[in-house]
Amino acid sequence: MKEELQGSEYLHIDETGHKNQGKRGWSWVITNKALKLLKVTESRGKKVLKSLLPEYDGIVVSDRYAVYNYFNRENRQICWAHLARDFERFAHSKNVEVSKIGQALKSLSNKVFVVDKAKKQNLIDNLRFYRLMRKIRKRVKHFLRKMTRVVNSTQASRMAAKMLRSEDMMWKFLRKPEVIETTNNLAERQIRRYVIYRKNSFFTWSERGERFVERMLSIFLTSRLNGQNPFQKLQNLVAVTA
């Protein structure tokens, strides 16, 4: 499965907390539309990505967590759902200027989703799609720059400055909008499935338990994704290795 993911044109990646024998750890989900790999580790650092995806050169869709800087920024797509939530927080600021700019950015993020959906449903052609996205991108950059100049809200201006430094990574989906998603929902849906399992299982209590969980859930999630019976899939795998 790792080898197949390594050759994928794109990947969605996310991580969440895990515990083994009461000690803090992490569960990573690496996925495309056909495969789901769950990996339980002690670390949330770059060494995990280096181990799982050495020299991966496809598109990576993720949030802005710094560990994903392991991948070439030319191939990184930042999740627009996360950006929209940040813009929403700006919009609810008690600072009037921050709130006004946040509302404008939130409106623009909504337009990104609407235009992208229209393109995927063939409601607009390529020419109109790229023309609209260019206008939206220009306006997003304008309002982020405006936010950096807000004098009496250091937190908002600093966050906007960080967003501007990764502005190019907001728009990698424009390369192949029919393939690259604007959000990381694909990985986050699988993380939620793991979280449900985690709540009911009391985590793990050994390294053997960690390997069992990551392998069984990888098989289960991949099978469900492909419309297969996970138990039948497991039986087939056992039969092949017997």
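Mind checking whether some residue in the stretch 57-66 is among the aromatic types (Phe, Trp, Tyr) and closer than 17 Å to LEU164 by Cα?
yes
With respect to ALA84, is the statement that it is under 15 Å from GLU167 (Cα atoms), surrounded by fewer than 14 Cβ atoms within 10 Å (Cβ to Cβ) and not basic (Lys, Arg) true?
Criteria not met by ALA84.
Here are some conditions: (1) crowded, with 16+ Cβ neighbours inside 10 Å; (2) over 24 Å from THR204 (Cβ atoms); (3) under 15 Å from the mean Cα position of the chain (by Cα). LYS33 meets all but one. Which one does it not meet?
Tallying (1) crowded, with 16+ Cβ neighbours inside 10 Å; (2) over 24 Å from THR204 (Cβ atoms); (3) under 15 Å from the mean Cα position of the chain (by Cα), LYS33 fails exactly one: (1).
For the stretch 169-195, what are the residues that are of a type in the set (D, E, K, R) and within 16 Å of the chain's Cα centre (by Cα)?
LYS172, GLU181, GLU188, ARG189, ARG192, ARG193
Which one is surrounded by the most Cβ atoms within 10 Å (Cβ to Cβ), of the residues in the stretch 11-25 that are at pLDDT 90 or above and in contact with an Asp or Glu (Cβ under 8 Å, 6 or more places away or on another chain)?
Out of the qualifying residues, it is HIS12.
Looking for something modelled with pLDDT of 95 or more, in contact with a Leu (Cβ under 9 Å, 6 or more places away or on another chain) and surrounded by 16 or more Cβ atoms within 10 Å (Cβ to Cβ) - is there at least one such residue anywhere in the stretch 41-52?
Scanning the stretch 41-52 turns up no residue that is modelled with pLDDT of 95 or more, in contact with a Leu (Cβ under 9 Å, 6 or more places away or on another chain) and surrounded by 16 or more Cβ atoms within 10 Å (Cβ to Cβ).
Can you pull out every residue in the stretch 160-210 that is loosely packed, with under 15 Cβ neighbours inside 10 Å, closer than 28 Å to GLN103 by Cα and small (Gly, Ala, Ser)?
ALA161, SER166 - these are the residues of the stretch 160-210 that are loosely packed, with under 15 Cβ neighbours inside 10 Å, closer than 28 Å to GLN103 by Cα and small (Gly, Ala, Ser).
Can you tell me which residue in the stretch 26-74 is farthest from ARG189 (Cα to Cα), limited to those that are part of a strand (DSSP E or B) and without any contact (Cβ under 8 Å) to a residue 60 or more places away in the chain?
Going through the qualifying residues, I end up with THR41.
Please pick out the residue among SER153, SER157 that is more than 22 Å from the chain's Cα centre (by Cα), within 26 Å of ARG89 (Cα to Cα), modelled with pLDDT under 95 and buried (at least 16 other Cβ atoms within 10 Å of the Cβ).
After applying the criteria, what remains is SER153.
Taking the residues in the stretch 1-10 that are assigned to a loop (DSSP other than H, G, I, E, B) and without any contact (Cβ under 8 Å) to a residue 60 or more places away in the chain as candidates, determine which candidate is surrounded by the fewest Cβ atoms within 10 Å (Cβ to Cβ).
GLY7
The values are calculated or read from the model by the stated rules, or taken from the named source; none is laboratory data. Being a predicted model, the structure only gives us computed values, none of them experimental. So basically every Cβ, Gly included, is an ideal-geometry build from the backbone, and we count neighbours across all protein chains shown.
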